[in-house]
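Undergrad: Here it is, the structure, as structure tokens.
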């Protein structure tokens, strides 16, 4: 069994990066905090109408239709550029992110 990829801080502390593997656009409010803290080009802000299909929701209350038609949500632009710092999760007010460790080859 392979070990997870690990990094070392300048002070010598070993840590295990957790790379973004998923972004729940249904709970995303499009605040852009993750976009602002990400040191790489992992995220992109897109129109909600382009990212989400209203037919996919069990929307008994009409919430999706009530949203501003210009509302935005975050999307994963290039998850392969993620460095595993988890800064996006730390600033996300809606806990939209899922992360995973990567095993060393």
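The values are calculated or read from the model by the stated rules, or taken from the named source; none is laboratory data. All values reported here derive from a predicted model rather than from experimental measurement. Neighbour counts run over all protein chains shown; Cβ positions are idealised from the backbone, glycine included.
Undergrad: Taking the condition modelled with pLDDT under 95 and closer than 18 Å to residue 98 by Cα, does residue 65 pass?
TA: no
Undergrad: Answer yes or no as to whether residue 59 is touching a helix residue (DSSP H, G or I) at 6+ places or on another chain (Cβ under 8 Å), modelled with pLDDT under 95, loosely packed, with under 14 Cβ neighbours inside 10 Å and farther than 20 Å from residue 33 by Cα.
TA: Yes; evaluated as a whole, the condition is true for this residue.
Undergrad: Starting from the range 85-97, keep only residues that are on the phi > 0 side of the Ramachandran plot, then list their pairs with residues that are part of a helix (DSSP H, G or I) whose Cβ atoms are within a distance under 8 Å, requiring at least 6 positions of separation or different chains.
TA: Between residues of the range 85-97 that are on the phi > 0 side of the Ramachandran plot and residues that are part of a helix (DSSP H, G or I), the close pairs are 95/89.
Undergrad: Could you tell me which numbered condition residue 24 fails, if it satisfies all but one of (1) crowded, with 16+ Cβ neighbours inside 10 Å; (2) at pLDDT 95 or above; (3) in contact with a strand residue (DSSP E or B) (Cβ under 8 Å, 6 or more places away or on another chain)?
TA: Unmet for residue 24, out of (1) crowded, with 16+ Cβ neighbours inside 10 Å; (2) at pLDDT 95 or above; (3) in contact with a strand residue (DSSP E or B) (Cβ under 8 Å, 6 or more places away or on another chain): (1).
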